[in-house]
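Novice: Below: one structure in structure tokens.
The values are calculated or read from the model by the stated rules, or taken from the named source; none is laboratory data. These figures come from a predicted structure and were not determined experimentally. Glycine also receives a Cβ, built like all others from the backbone with ideal geometry; neighbour counts cover every protein chain displayed. Areas reflect the complete protein model, heavy atoms only, side chains present, ligands, DNA and RNA absent. Shrake-Rupley method; radii C 1.70, N 1.55, O 1.52, S 1.80 Å.
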Amino acid sequence: MCLKPGNPSEPCRMTAKDLETEEVHLSNNIIVPSQVESACEPDPDIPPTGVLKETGRNWGWILSGIICMNVLILGCVLVSGSANNEVNIGSTDLQIFLIVLLLLTSFWMVYYLIHTVRKENAVDYKDGRAGPIWLRGGLVLFGLLSILMDIFKIASYAGYLQCDSAVKVAFPAVQLVFVLVQTYFLWMHAKDCVQLQRNFTRCGLMLTLSTNLVVWITAVTEESVYHDAAPESPSNITQISGRSLYINKTGYGDEACTCSYTSCSIFKEAYYYLYPFNIEYSLFASAMAYIMWKNVGRVTEECDAKIKFRLKNILIGPVAGILLLVSGLATFVLYEMAMVNGGGDDDQKDKALLMHFVMNIVIATLMSVSTVIGCAIYKVDHREHVSEKNPTRSLDVGLLIGTSLGQFIISYFTIVAMAATGAEGYLNRLNLAWAVLMVIQIGLQNFFIIEGLHREPFHKVQAATVIQNPYVPQPGKEGSNFDGSDKNTMPSPAVAAHSLHGHTTEHKPKLLWKRRILKEVCAFLLLGNIILWIMPAFGARPQLDLDTETEFYKLNMWAAIVNIGLPFGIFYRMHSVASLFEVFLTS
């Protein structure tokens, strides 16, 4: 039963959509602390446009963009030259350039940290969506593993000081300091909207962005060189150009140069496995630096509404995702052991490829089905779409679409090769099915994530958060309660909520089941993307282990396609994990 002015006994006839619309209106005035820990009121001093008009802003943006492009182009020239044995550019030349770049960026970040402490009005506004805690937490995790990689590098390179350049020891030492400074800088200031020295700050942030991208390009190119340096027989590409080739090529000096102690090979194998984390760290830092650059001079009313992470009533998605993750790890380990230690046993290699293809097909199929379920929930979800523009959300969407092109490129090249050759044999048919499913899965997942990022948080429409203030007199009531007895007694919030909507439990489950399904889907997709990141990041190369594409496109062309597309596909999976976590929280 619902009370209405003029006719308190008239029953309410409201649909579920009407109830949700009313809840949206009420939630604008009432916020429950258990759902949102902090709220902000509009600042009357903030201009309605949300952006301050500053003199010379355009030339500051142009100058910072020019700095970024020049550093990137010069870095690409040195990286590509050092990767080609016929060009007289050595790895020492590249590392000297990187050392200078890392030191300059570190000095600027230290200056920024000191400047913001001394100037009280240096940062008056902060972007609540920039640098969320899970993104900064991932940055810290990858940063710690990158530091561990640099320590292993220093320990390994120090054994060759008697016969090789000391620059190769200095570079990981400088990179270690750079990672420490940058991690602290981004953890503390990722949300800043700088208002002082804007042009200088833009140039410094673009220097930071380009430095991280050059470090990323260097690491990716090193990985690509090892895969390209393959023997004439394409059937042995992974066994020679994978892990063992990497370890062999990181030796220094001539063949007579040996390590001064016996642990060099152990350190080399150790930091090889940490390379994927360093690559992801550079990309995470690049994205956060770009958001800071976009926020320079920005005035925003947005506050940091802290939404709590809860797994209450969420079971199927996490459990199924963990089972998928464990199964994928087991098959990946068996696949890698077969490829590295299998020698020339073609039967063992075919069995490993069969197992790998089947596992990936199962993962892609389950993720596609769960994504379809999540997209169907959006059709019955009456949450409003976010209308205001935000550089963080725009970058998330751009990165999702842009980096997914890497996997799309590999999949479509595989589809064409399989179709042209007739997909003869069970391995080729499985490879074709996997490529098609990957295209479908990524397309569905992009739609699901982008739609979720543009929806308002669920707490704004949940019935349980709508509570009528019992201490505000209702019009026509003249301070009396609902039944007219004991005028000095105020109704409890539970009674007020009950009186407002009749029985709130009648429509509350309709909201809870939508929230639960979305959270289940997000948790499952998140864990699925983690295993799809682990496999290629740590050495799985079925594209090169199966000979069909290599024979169809020839080694040089196919290796270039894989080496260009795969790094973007790897980053796509990790960025999807971060985006799905955000969708999980807002659901």
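Novice: Are there any pairs, at least 6 apart or on different chains, whose C-beta atoms fall under 6 Å, with the first in the range 351-362 and within 20 Å of residue 325 (Cβ to Cβ) and the second among the β-branched types (Val, Ile, Thr) and in a helix (DSSP H, G or I), and if so, which?
Specialist: As it stands, the answer is 355/331; 359/331, since those pairs meet every condition given.
Novice: Taking interchain pairs and intrachain pairs at least six residues apart, which have beta carbon atoms under 7 angstrom, with the first residue in the range 403-417 and touching a residue at least 12 places away in the same chain (Cβ under 8 Å) and the second open to solvent by 70 Å² or more (accessible area, probe 1.4 Å)?
Specialist: Sorted first by the residue in the range 403-417, then by its partner, the pairs are 403/568; 405/568; 406/568; 417/552.
Novice: Do any residues in the range 64-78 that are in a helix (DSSP H, G or I) have Cβ atoms under 7 Å from those of residues that are charged (D, E, K, R) and open to solvent by less than 30 Å² (accessible area, probe 1.4 Å), where the two are at least six apart or on different chains, and which pairs are they?
Specialist: Here the result reads 64/202, each pair linking the range 64-78 to a residue that is charged (D, E, K, R) and open to solvent by less than 30 Å² (accessible area, probe 1.4 Å).
Novice: Which residues, counting only those in the range 192-211, are part of a loop (DSSP other than H, G, I, E, B) and open to solvent by 30 Å² or more (accessible area, probe 1.4 Å)?
Specialist: Within the range 192-211, 196, 197 qualify.
Novice: Then there is this: Please determine, by comparing only the residues of the range 86-110 that are outside any loop (DSSP other than H, G, I, E, B) and either free of Cβ contacts under 8 Å to residues at least 12 places away in the same chain or touching a strand residue (DSSP E or B) at 6+ places or on another chain (Cβ under 9 Å) (or both), which one is nearest to residue 201 (Cα to Cα). Lay out the reasoning, then the answer.
Specialist: Quick first cut of the range 86-110, residues outside any loop (DSSP other than H, G, I, E, B) only: 91-110.
Subsequent filtering for residues that are either free of Cβ contacts under 8 Å to residues at least 12 places away in the same chain or touching a strand residue (DSSP E or B) at 6+ places or on another chain (Cβ under 9 Å) (or both) retains 100, 107.
Details: 100: 19, 107: 13 Å.
So the residue we want is 107.
Novice: Tell me which residues, restricted to the range 137-193, are touching a Pro at 6+ places or on another chain (Cβ under 8 Å) and at pLDDT below 85.
Specialist: Passing the criteria: only 157.
Novice: Out of all the residues in the range 411-444, which are within 21 Å of the chain's Cα centre (by Cα) and among the hydrophobic types (A, V, I, L, M, F, W, C)? Let's see the steps before the verdict.
Specialist: Within the range 411-444, the first condition is being within 21 Å of the chain's Cα centre (by Cα), and the residues that meet it are 438-444.
Matches in the range 411-444: 438, 439, 440, 442, 444.
Novice: If you don't mind, there's one more thing I want to ask. Of all residues in the range 135-146, which are under 11 Å from residue 284 (Cβ atoms) and of a type outside the set (Lys, Arg)? If you could, list the steps in order and put the result at the bottom.
Specialist: Of the residues in the range 135-146, the ones under 11 Å from residue 284 (Cβ atoms) are 135-143, 146.
Across the range 135-146, the qualifying residues are 135, 137, 138, 139, 140, 141, 142, 143, 146.
Novice: Given the options 390, 341, name the one that is over 29 Å from residue 545 (Cβ atoms) and either in contact with a Ser or Thr (Cβ under 9 Å, 6 or more places away or on another chain) or open to solvent by 70 Å² or more (accessible area, probe 1.4 Å) (or both).
Specialist: On the way: 341 fails: over 29 Å from residue 545 (Cβ atoms).
Among 390, 341, only 390 is over 29 Å from residue 545 (Cβ atoms) and either in contact with a Ser or Thr (Cβ under 9 Å, 6 or more places away or on another chain) or open to solvent by 70 Å² or more (accessible area, probe 1.4 Å) (or both).
Novice: Ok, one more. Take the residues in the range 112-140 that are of a type outside the set (Asp, Glu) and free of Cβ contacts under 8 Å to residues at least 24 places away in the same chain, then tell me which one is farthest from residue 161 (Cα to Cα).
Specialist: Looking only at the range 112-140, we keep the residues that are of a type outside the set (Asp, Glu), and these are 112-119, 121-123, 125-126, 128-140.
From what's left, free of Cβ contacts under 8 Å to residues at least 24 places away in the same chain: 114, 117-118, 133, 137.
Working: 114: 37, 117: 41, 118: 43, 133: 41, 137: 36 Å.
Result: 118.
Novice: Which residue is least open to solvent (accessible area, probe 1.4 Å), if the candidates are limited to the range 159-180 and must be assigned to a helix (DSSP H, G or I) and without any contact (Cβ under 8 Å) to a residue 60 or more places away in the chain? Let's see the steps before the verdict.
Specialist: So in the range 159-180, the residues assigned to a helix (DSSP H, G or I) come out as 159-160, 167-180.
Then drop every residue that is not without any contact (Cβ under 8 Å) to a residue 60 or more places away in the chain, which leaves 169, 172-173, 176, 180.
Values: 169: 28, 172: 0, 173: 40, 176: 34, 180: 95 Å².
Ranking the qualifying residues of the range 159-180, first place goes to 172.
Novice: I want to confirm something. Restricting to the range 542-585 and keeping residues that are of a type in the set (D, E, K, R) and open to solvent by less than 20 Å² (accessible area, probe 1.4 Å), which single residue is nearest to residue 219 (Cα to Cα)?
Specialist: Initial filter on the range 542-585 (of a type in the set (D, E, K, R)): 545, 547, 549, 551, 554, 573, 582.
Cutting the leftovers down to open to solvent by less than 20 Å² (accessible area, probe 1.4 Å) gives us 545, 549, 573.
Details: 545: 22, 549: 25, 573: 18 Å.
Among those residues, the one meeting the criterion is 573.
Novice: Can I ask one more? Here's a check for you: in the range 84-127, which residue that is within 30 Å of the chain's Cα centre (by Cα) and among the charged types (D, E, K, R) is surrounded by the fewest Cβ atoms within 10 Å (Cβ to Cβ)?
Specialist: 124
Novice: Given the residues 410, 401, which is the only one that is in contact with a helix residue (DSSP H, G or I) (Cβ under 8 Å, 6 or more places away or on another chain) and surrounded by 18 or more Cβ atoms within 10 Å (Cβ to Cβ)? I'd like the intermediate steps shown before the answer.
Specialist: Values: 401 fails: surrounded by 18 or more Cβ atoms within 10 Å (Cβ to Cβ).
Criteria check complete, one pass: 410.
Novice: Report the residue count in the range 416-446 for those that are surrounded by 15 or more Cβ atoms within 10 Å (Cβ to Cβ) and of a type outside the set (A, V, I, L, M).
Specialist: Residues of the range 416-446 that are surrounded by 15 or more Cβ atoms within 10 Å (Cβ to Cβ), as a first pass: 417-418, 421, 423, 427-428, 430-442, 444-446.
Of the ones still in play, those that are also of a type outside the set (A, V, I, L, M) are 421, 428, 431, 434, 441, 445-446.
Total satisfying the criteria: 7.
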